[in-house]
Every structure is written in C-alpha cells, then in structure tokens.
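The values are calculated or read from the model by the stated rules, or taken from the named source; none is laboratory data. Predicted model only: the values in this text are computed from it and were never measured. All Cβ positions, glycine included, derive from the backbone under ideal geometry; neighbour counts span all protein chains shown. Please note that ligands, DNA and RNA were not included when accessible areas were found on the heavy atoms of the full protein model with its side chains. Shrake-Rupley method; radii C 1.70, N 1.55, O 1.52, S 1.80 Å.
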Amino acid sequence: MSTKLWGGRFTQPTDQFVEEFTASITFDQRLYRYDIQGSKAHAEMLGRQGIITHEDARQIIAGLDEILADIEAGRLEFSVALEDIHMNIEARLIEKIGAVGGRLHTGRSRNDQVAVDIRLYLRDEVDSVLEYLRQLETSLIRQAENHLDVIMPGYTHLQTAQPVLFSHHMLAYREMIARDISRLVDLRARFNVMPLGAGALAGTTFNIDREWVAEQLGFSGVTRNSLDAVSDRDFAIEFCSFAGILMMHLSRLSEELILWSSADFDFVELSDAFCTGSSIMPQKKNPDVPELVRGKTGRVYGNLISLLTLMKALPLAYNKDMQEDKEPLFDTIDTVKGSLKIFADMIAQMKIKGDNMRIAAARGFSTATDVADYCVRKGLPFRQAHEVVGKTVRYCVENNKQIPELTLDEFRSFSDLITEDIYDFVTLEASVNARKATGGTARDAVENELSRLRK
Ligand code: ARG
C-alpha cells in the first residue's frame, strides 16, 4: 500500500484484481514520451515562477531525462500497482532523486496531465497521418498523369454508363483524400490548445504561467475553462470520425481494386508484394491488402461508436470512464497509418491494363447518351431523343451490334435527323472529349486539373 502515490487516505490495500482492472499502464505506456515532455515543461515553469526552487526544477528535469532514456533502453519495468504511465513515471522519479521528485505534481492533477499527454501524442500522430495522406495523394496523381490516354467504362449502379478517362477516376479519389486532409488540418488546429493548469477540475491555487508552458509545448493557446479542459474528449471523437470517413473512402477504392483485379474485369494488376496465394488453388493471386483495408474499416467505425458511447451523458468533469478513451483512439491511429502506408505504395505500383479497360468501355452502349445529345443539337426535345436512342439500343441488343457499328440507314430508321457526321460523336474519344466543362472527363479538362494540382 505504501507504493501508492495516493495511499494516505487508505487503511486497506487495493484488491489485487481491482488493481489490474483499474490500471491503464498496459496500454497508456505508449504516452511515456509525451508525459515526460509535459512534465519537463511544467517543472521548468514551476521553477521560473518561484513555486519550486530552480535547483529542484533542475533535478526534476534531469531525473525525467534519465527516465526517458531508461524507458527507451527497456530498463524501466512498468508496474500495474502504479496504475498508469503518469504514476509509474512519477514514482520512478521519486525513487531516483528522492523527495524533491514529489514537488513535480505541484499545481497539477493527473486529469489535466492526461489531457495534455493525449493531445501531444495525437498531434504527432496527426502529423504522420498527414504525411501518409499526402503520399497517397501523390500516388493517385502520378497514376493519373501516366495514363492520360486510357479510357475505361464509367459506371452507375455498376452498369456501364459513359466512358471516362482512367485518370479522371484516379483524380476522383484524389478529391476525397484532399477533403480528408482538410478535415484533419481543421481538427488539429481545434485541439492544439493546452489543458495544463486546469488541475483536477477547478484550476490551481498556484501562480502558474500557462501561456509559457503552452508555448514551450508548441500549443497555439490555452484551454479557456478548466471543467471543460479535463472532461473534453471531442478531439478524439473528431479524429475517429475523420478516420471513419477516410476508411470509407479507402474501402471504396479497395472494392474497386478487388473487382478490377478479378479475371472478369482484368483492369489492373496489383504487384505481387500486395497479394497472397491460395493454399489449395495454385492459380490464385488474392488481393489481400485491399480486402483487409476494406475489412478494417469496420473496426474504425466501431472505435468511433465506442468513443461516442463512452462520452455520452458523462457528468462534468473527469470520470474514470474516460480512461477507456485510449484503446479505441490508439487502435484507430494504428489502423489508419497502416492502411495509408500500404495503400500509397500499392497504388504507385499498380499496373494498368488500358486495353482491357478500353474494350470494356466500348461494350454496354456507353455512347448512347452522346447519340441522344446529338439528336438534341439537331432540334429534337431531349425526352424524344431519349426514346429514339432507347429504341436504337434495343435494336443493337437484338442484333448483337454496338452503336458505332450501325450503318447510317440503321441510324436513320430511328430518326432522320441523323446524318453521316454521327460517326464523329460515337467514338470513345469523342464521347470523353465532349465533356469539357470544369470537372468533366475530357482530356483537356483533366489535364487542366492536373496542372492546377501541380501548382
Ligand atoms: N489513467 C487515467 C486516465 O487515463 C489518468 C487520469 C486519472 N485521474 C484520476 N483522477 N483517476 O484517464
């Protein structure tokens, strides 16, 4: 019982299982670096403000540096009896430098301490997630740049709709990733404020300098309400909702890659490095990576729901429930980083089978809308044009022909507005390049977009 930093009030030791049940050290040890970083800034501030002596501050900081080295060298064994990373480090500090180590916690509580730790940690992780997002964005842009002449079928309802440039399809995912980046940048700015100084919940009686500590730790400011500061986990929820949307995007791309690498589509070939074989069927090359990313989307959604449910209806301020914020957050970070890292490389190395895409694009009457638009330009109201082309397509189906294979007489049997120049409108290139307005799939429009992105 004497090992407990809070043992004073207690007469009986904690039940062994309760100790294990309430401890978070098994997972919150991942915060050690940020805990030490926050403690060093706090100790230095205490010294500057004359709340502890400069000499005490110096000893505390030196002790914390040693502990950091100990942890990194695997020399510190964490103890469940010490509950969490904060008390493990503080107890070790006192063990190392004696009673003076006990001055570190002046003007601070574990409640504002854990709040600062998670923010410092999340800020670092957000920066590496941003890095991975930018790599994926670059891979998508590179694929778009390198395959500007590849035409593929565009789908709605997974039925062939209109031909599009493969580059346009890649840039659609670039748009999603760009929005994910913007969401992440936004939420980072919102949580990058420093909660230290909130104390347990009401603030502190000591003459601390919060602004100075915030500046040392790279925060843009300080939290404005102590109750909120120790009980707010919005930032973790925001991160997990960012992550949920990102994983939703990756799961859509995954699904397409899985379809496209099937023998039935045969649009792309994923590098061997991202696939595995079957233990029984020798011909198999399975797209495991996109399948797993699609699958992992579920756990990220689950983590978001866990956090929302965890925080629901909690009274102010800190509640022990909130210790449960860490595992869902950590798992989300690990999953998102892993998925992004592997995706950036997989997209970069993906082989595009442009000829197969083109053959598929030419099937399915993908230029039917172009014939309708043609009739409209010749004066037919769109509804009637739709009817004309509907009949034309039915004729094609019954006679096993594609639209560009119809003779002029056949075309004219549906509308005498159609003349020889129809053949200039029904090729894949003509169909794609006719869609030039900003955001369309015409080669000019896509090239414009690419040069805008290069700037
Ligand atoms: N391990 C705790 C957590 O992660 C730290 C804060 C504990 N504060 C308290 N008063 N029990 O939430």
So if R0 is 22 Å, what FRET efficiency would residue 202 and residue 94 give, r being the distance between their Cβ atoms, rounded to the nearest 0.05? 0.25
Expected vector for segment 164-171, Karplus 3J(HN,Hα) from phi with 6.51, -1.76, 1.60 and θ = phi - 60°, integer Hz, x for Gly and Pro, equals 9, 6, 4, 4, 5, 5, 5, 6
Using a 1.4 Å probe, what is the accessible area per residue for the chain, in Å²? 48
Just the number, please: carbon plus sulfur as a percent of the accessible area of the chain, 1.4 Å probe, no ligands or DNA/RNA counted. 51
Rounded to two decimals, the Debye log10 I(q)/I(0) of segment 185-302 (Cα scatterers, no solvent) at q = 0.22 Å⁻¹ is -1.15
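Counting each DSSP H run of 4 or more residues in the chain as -39500 (n - 2.57), what helix-only mean residue ellipticity at 222 nm follows after dividing by all residues, to the nearest 500 deg cm²/dmol?
Only helices count here, giving -19500 deg cm²/dmol.
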Taking the Cβ-Cβ separation of residue 416 and residue 436 as r and a Förster radius of 41 Å, what is the calculated FRET efficiency to the nearest 0.05? 0.90
Cross-link pairs beyond the 29 Å C-alpha cut-off, checked among 351/401; 284/351; 353/378; 40/320: 351/401; 353/378
Going toward the positive end of the dipole of the chain, with +1 on Lys and Arg Cβ and -1 on Asp and Glu Cβ, which of 49, 368, 295 do you reach last? 368
Lys, Arg +1 and Asp, Glu -1 on Cβ, resulting dipole of the chain about Cα centre, debye, nearest 20: 560
Column: log10 I(q)/I(0), Debye, Cα scatterers of segment 211-262, q = 0.25, 0.32 Å⁻¹: -0.96, -1.07
Between segment 194-216 and segment 82-102, the Cα center-to-center distance that results, in Å: 21
Would you work out the relative contact order for the chain, in percent, from Cα pairs under 8 angstrom that are 6 or more residues apart? 16
Cα convex hull of the chain - mean projected area over all directions, nm²: 30.0
Computed over the chain: longest principal axis from alpha-carbon atoms vs helix 326-349 long axis, angle to nearest 10 degrees, is 40
Whole-number D in µm²/s for segment 1-90 (Stokes-Einstein; Kirkwood sum over Cα pairs; 25 °C, 0.890 mPa s): 170
